1. First check a/c for segment 1-115, with a ≥ b ≥ c the square roots of the eigenvalues of its C-alpha gyration tensor; if it is under 1.5, answer rounded, and if not, answer prolate when a/b is larger than b/c or oblate otherwise.
2. Give, in whole angstrom and from largest to smallest, the semi-axes √(5λ) of the equivalent ellipsoid of segment 165-221, with λ running over the eigenvalues of the Cα gyration tensor.
3. So how much slack lies between ARG313 and ASN38, counting 0.36 nm per residue of separation and subtracting their Cα-Cα distance, in nm?
4. Find, among the GluC sites (Glu not before Pro) in segment 1-110, those assigned to loop by DSSP (not H, G, I, E, B) with at most 15 other beta-carbon atoms within 10 angstrom.
5. How long, wide and thick is segment 67-127, going by the Cα atoms along their three principal axes, in whole angstroms, largest first?
6. Of LYS206/LYS257; LYS36/LYS147; LYS36/LYS257; LYS41/LYS258; LYS36/LYS66; LYS257/LYS297, which ones are farther than 25 Å apart at the Cα?
7. Helix hunt in the chain: which complete DSSP H runs extend at least 27 Å axially by C-alpha with mean Kyte-Doolittle at least 0.0?
8. Kindly list the residues of segment 140-154 that lie in the label zone of GLU88, defined by a backbone N under 17 Å from the point 7 Å along the Cα-to-C-beta vector.
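Derivation of every value follows stated rules applied to the coordinates shown; laboratory data play no part. As the structure is a computational prediction, the values presented were derived from the model and not from experiment. In this analysis, Cβ positions are derived from the backbone assuming ideal geometry, glycine residues included, and neighbour counts consider all displayed protein chains.
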Amino acid sequence: MRKILVTGGCGQIGSELVMELRGKYGGNNVVAAGYKRNPSKTLLNSGPVEFIDVTNRRTVEDVIRKYEIDTIYHMAAILSAVGEKNPELCWNVNINGLRNILEIAREYDLIRVFFPSSIAVFGPGTPQYNTPQETILRPTTMYGITKVSGELLCEWYFKRFGLDVRGIRYPGIISSETPPGGGTTDYAVAIFHEAIQQKRYTCFLKEDTVLPMMYMPDCIRATVELMEADLVRLKHHSNFNLTAMSFSAGQLAREIKKHIPEFTCVYKPDFRQEIAESWPRSIDDSAAREEWGWSPKYDLRMTVEDMLERLRR
Ligand code: SER
């Protein structure tokens, strides 16, 4: 039986991942570890919750020993916009935190580690359309720099110690349960809340800014499917390109307007525009499709329908 630790377990992806894993492996076998965010009642009532600081190795090790953890989903990270405002924190959490996790995984002989990479590993010099799996990785954000370094660090642990680390370059993730914390793709979540409550949203990206995106159910399924894939089939490990759809801020606003006709969106780009423009418009995820059978379910229309229904409930 798996004994799983999810760091960043109260975050946007972590909180939903914990619930999926608890359903699959049993509530008591999945520890949600948070740092600052208050855990939801759903998390607290369905299994163990612990507080850890991934930059403080001892706090992680205590939890590993207490629950005899054998698998870590290391979701704790600082996102792109916060990373530009606080680069030191971003480096410390995303690099030193990851290194603590990998060292602990090696020393305690853990079975498997998951590492969330991002489309932020790409930069202005990367082909922007259908961005290949193997391509130029020269990001211009601190967040992107930590994610490229993180991928390389994970590869090194695999090659050097045989540590089974797997990871996905997530596109922007749209979700209804827990808000994202400080990314450039956050607009694609905030717009839904504002459309329902205010019938108006001021977007921090330009109307024609296109980014690769994915709805949370696909994101969770991809994560679990990669972690369950047969190792011998994997030619890549910690850096799988992944996508479900690509749309501009304007396209998303128009799709929401089909359901909320009074909704208006205005565009006031800020510093995040430059970050968004350094990232790809669309992603080639054929390696994920070939090596572990990835296939997305949600397109823009289905995502908007489901998001509005959930948020209204
Ligand atoms: N969604 C993230 C961000 O915007 C990218 O991985 O920072």
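1. The shape class here is oblate.
2. Output for segment 165-221: semi-axes of 22, 14, 9 Å.
3. My answer for the length gained is 96.8 nm.
4. GLU68
5. 41, 27, 15
6. LYS36/LYS257; LYS41/LYS258
7. Helices meeting the span and hydropathy rule in the chain are 142-161.
8. In segment 140-154, the label zone of GLU88 (backbone N under 17 Å from the point 7 Å along Cα→Cβ) covers 142-143.
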